[in-house]
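Data first, discussion second: the structure below is written as structure tokens.
The values are calculated or read from the model by the stated rules, or taken from the named source; none is laboratory data. Being a predicted model, the structure only gives us computed values, none of them experimental. Glycine also receives a Cβ, built like all others from the backbone with ideal geometry; neighbour counts cover every protein chain displayed. Calculation scope for accessible area: heavy atoms of the full protein, side chains included, ligands and nucleic acids excluded. Shrake-Rupley method; radii C 1.70, N 1.55, O 1.52, S 1.80 Å.
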Amino acid sequence: MSRIVAAPDARTNASEAWGQVSQDLTPPAAAAPGAAQAFAFACEGETLLGVLHRPPAGAPAAATGVVIVVGGPQYRAGSHRQFVHLARALAAGGHPVLRFDVRGMGDSSGALRSFEQITPDIGAAVDTLAARAGVGRVVLWGLCDGASAALLYLHERRDPRVAGVCLLNPWVRSEASLARTHVKHYYTRRLREREFWLKLLSGRVAGRALAELWRNLRRARGEAPPAAARTAGPFQQRMAEGWRGFGGGVLLVLSGDDYTAKEFLETCDASPAWQALLRRPGTRRQDLATADHTLSARADRDTVAALTLDWLQRLAARTP
């Protein structure tokens, strides 16, 4: 295993970093993953910590590697260690996988950045995976704003090595989309509940709650306050443009028990451009009715890993 290089301003000192990485590299006794290697690599003058999972001996060597783009605030293991489980499953299927901490997170140095600012980090990870694993094709796999960052990478860099992206519950938050989601999936349900009307008639529903409902109805129709309109960033448009200009495969996975996924669908319903992206050849959509945002149930994590492996095989079959 490579020696770990801890930058002076990393979030944890060298001994803490070693302890965490050692935990990352310790598989369950019943598992049989390939070797995992921790190492540091550079990104614009900062030091990133990555863990590379290699396929086990005897596994078919795939020409496509996977970079897991971690959404924030989150580090390379993920909630419920979901990225550790995913990396091991994909490596067992023959695909080298790199999961890493972006600048300012986990054991990587530098200032904390938003998902809109990590294109250099993703590029450094792709370079590193290609060099260390010897793969010519790479897939970006992201959850939430990690998925959004993957699409922004496609918009900002036409990287011919990227053959596909896997998007789990992409983040497209805006004033209007949040309001539409609340009105459709929260207020509509509340208005059907007998308890709500009893509280309203008895005066126990505060005027502030009714005012909030009215504000959400206005925002859902696009009547956002001028200040919000001035400060709203165009990242959703850049995500769509990155997807539209991408010629590779797309796997879209949406959790049924997740407001981020519902908000993504509300955005698509309100936009012909997003609807067209969902219908594009090469786009595969899979809905998981009972899954939550971070796949906290082991069965859901296993399902997504299996879906990803199947999709990677199909992608390899149609990618020169």
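Summary of values
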quantity: Karplus 3J(HN,Hα) series, Hz, for region 36-49 with 6.51 cos²θ - 1.76 cosθ + 1.60 (x for Gly, Pro); calculated: 10, 10, 9, 6, 10, 9, 9, 8, 6, x, 10, 10, 9, 9
quantity: Region 76-160 - accessible surface per residue (Å², probe 1.4 Å); calculated: 26 Å²
quantity: Cα-based shape type of region 69-178, given that a ≥ b ≥ c are square roots of the gyration tensor eigenvalues and the cut on a/c is 1.5; calculated: rounded
quantity: Solvent-accessible surface ranking, highest first, for Tyr153, Tyr75 at 1.4 angstrom; calculated: Tyr75, Tyr153
quantity: Computed label-point distance, nm, for sites Ala270 and Arg244 using a 7 Å Cα→Cβ extension; calculated: 1.8 nm
quantity: For Val70, distant residues with modelled amide H under 5 Å away; calculated: Phe100
quantity: Inter-label distance for Arg285 and Ala35, nm, one decimal - labels placed 7 Å from Cα along Cα-to-Cβ; calculated: 4.4 nm
quantity: Exposure ranking of Arg284, Arg314 by accessible area [1.4 Å probe, largest first]; calculated: Arg314, Arg284
quantity: Share of carbon and sulfur in the accessible heavy-atom surface of region 229-305 [1.4 Å probe, %]; calculated: 51 percent
quantity: Rounded to whole Hz, the Karplus (6.51, -1.76, 1.60) HN-Hα couplings of region 289-298, x for glycine and proline; calculated: 4, 10, 6, 9, 4, 9, 6, 5, 7, 4
quantity: Distance between modelled label sites at Asp292 and Ala131, nm, 7 Å Cα→Cβ extension; calculated: 4.0 nm
quantity: Ranked by how many other beta carbons lie within 10 Å on average, peptides 249-262, 48-61 from highest; calculated: 249-262, 48-61
quantity: Within-12-Å neighbourhood charge of Asp159 [Cβ basis; K, R +1; D, E -1]; calculated: +2
quantity: Asp292 accessible area, 1.4 Å probe, all protein chains in place, Å² to nearest 10; calculated: 40 Å²
